[in-house]
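Below: one structure, written as structure tokens.
Values quoted throughout were computed directly from the atomic coordinates according to the rules given, and no laboratory measurement underlies them. It should be emphasised that the depicted structure is a prediction, and the values quoted were computed from it without experimental measurement. Here the Cβ positions follow ideal geometry from the backbone for every residue, glycine too, while neighbour counts run over all protein chains shown.
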């Protein structure tokens with residue numbers, strides 16, 4: 001087997017071929033939903049808000065574990 005014929009297309013930066021062929025949005029579903037509903041103005045702010053929500057959830061979970069499980 002000749003391994004020298006392997007080629008990678010690095011121009012898409014993680015976008016799957018089906019998204020490129022179907023001309024689908026590259027914005028994650030929840031971020032696009034937040035923008036569509038008018039809750040957040042643009043995609044980058046929506047992504048930041050979702051990361052903040054996940055971080056807050058981890059902090060709340062850690063507090064609950066500490067107070068109710070480890071004590």
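Maximal additional length on extending the residue 70-residue 36 stretch stands at 8.0 nm, based on 0.36 nm per residue less the C-alpha distance. What the Cβ-Cβ distance of residue 55 and residue 6 gives, at R0 = 35 Å and to the nearest 0.05, is a FRET efficiency of 0.35.
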